[in-house]
Every structure is written in structure tokens, then in C-alpha cells.
1. Can you tell me how much longer the chain between residue 98 and residue 111 gets when fully stretched, taken as 0.36 nm per residue apart minus their C-alpha distance, in nm with one decimal?
2. Can you give the longest stretch of the chain with no exposed loop site, where a site means GluC sites (Glu not before Pro) in a DSSP loop (not H, G, I, E or B) with at most 13 other C-beta atoms within 10 Å?
3. Excluding residue 74 itself, what net charge comes from residues whose Cβ is under 13 Å from its Cβ, given Lys and Arg +1 and Asp and Glu -1?
4. How high is the relative contact order of region 103-171, in percent, counting Cα pairs under 8 Å that sit 6 or more residues apart?
5. So how do 64, 79, 55 line up by other beta-carbon neighbours within 10 Å, fewest first?
6. Just add up the charged neighbours of residue 141: K/R +1, D/E -1, any other residue whose Cβ is under 15 Å from the Cβ of residue 141.
7. Can you count the Lys pairs in the chain with C-alpha separation below 19 Å, eight or more apart or on different chains?
Amino acid sequence: MLRPRSRLLLPLLLLAAAAPAAAKEYADGTTDLPRPRFVSIKGGRAMMRAGPGERFPIKWEYRRPGLPMEILKEYQIWRQVRDPAGETGWMNKALLTNQRTGIITATPGGQPRLLYVSPDVKSRIAWRIAPGAVVLVTLCDEGWCRVSKDGKSGYIPRGEMWGTYPAEKIEG
């Protein structure tokens, strides 16, 4: 069950669009990075607030390091974010990292997703991964992304995870 302040996220397939590189940070805490863009939760506990400041109430508490978030806006040290379930709110930039991650989206029957040894569904299956798993995104080009988790890696069709934009190129 999803509850405010202690939330386990269920993955949903959402649409998205662009990505960052090197950043210039201004005195007010904002950056010149593009918006929207994807980031991830740094670690420990991360609070999503109703507005950009400590005085705003906490909407959600995340306890899932690496969970991808989409930055929509910046206001000083605060970032308006959207989570994989579509919830929006504000987080302090100190709670976020530029490390690229993705969350594997649900299949109609809840079956695991397939990862391949190369970006081709005719290639050998490298491993299977459960919907809801958070993965490190190391490469994306065209319709495929290379991801890794727990020492395993493989290619997954971009549309089977949330955390990248349709035409975004990631090299890392």
C-alpha cells in the first residue's frame, strides 16, 4: 500500500524528453542545466515537500537510494521533481545526484523483463529483472539502454523502464 511519508513506489510507464552534461551553478542555487532532466535520490531518506522550502509540509518520504526523479523546475536550492508514479513536489538539491538510474516498468502480467547481451531482441537473453527494480543506466542510444544491477548488465528496450527520454543519448 502506498502511504504518505513512507512510500514504496510502483513503477508506471511515463513519457519524458532531454538530458544534462556539465553545469554552471549560480549564486542563488540554480543551474544552467536543462529542464526537464533526470536525476536520482542520493541516499538515506529524502523528503518531497509541497513547496520549495522547509516551511512547506512533507508530501512523501522516500527510502530508496537511486530512485530516478525528473527535475521539472529549479528555485534556489529547491528542485521541483516528479517521481516514477507521477507525484510532483519539491526536494532540496542536496538530496539528489546526477547519477542516472532507471526503474523497470511493470508488464501486463507482472512478469520479469528480459535483458539481452546486445541491443537486439534476437540476441541471447542475459538475465531477467523484476518490475520495480532500480538499475544504473550506463548507455542509451536509439531504442535501447545498457543497464546494470548487482554485478549483472544487459540491454533493455528504452520503453521498458522509466528514467530516460525517448531520443536521449547517454554515454557513460
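1. Value of the extension gain: 1.7 nm.
2. Between the exposed loop sites, the longest stretch runs 55-141.
3. Values: positive: 24, 35, 37, 73, 79, 93; negative: 25, 28, 32, 70.
Net charge in that neighbourhood comes out at +2.
4. 32
5. Working: 64 17, 79 26, 55 8.
Listing 64, 79, 55 from fewest to most nearby Cβ atoms yields 55, 64, 79.
6. 0
7. Lysine pair count for the chain: 9.
None of the figures in this text is laboratory data; all of them are computed from the coordinates on show. As the structure is a computational prediction, the values presented were derived from the model and not from experiment. Positions of Cβ are backbone-derived with ideal geometry, glycine not excepted, and every protein chain shown enters the neighbour counts.
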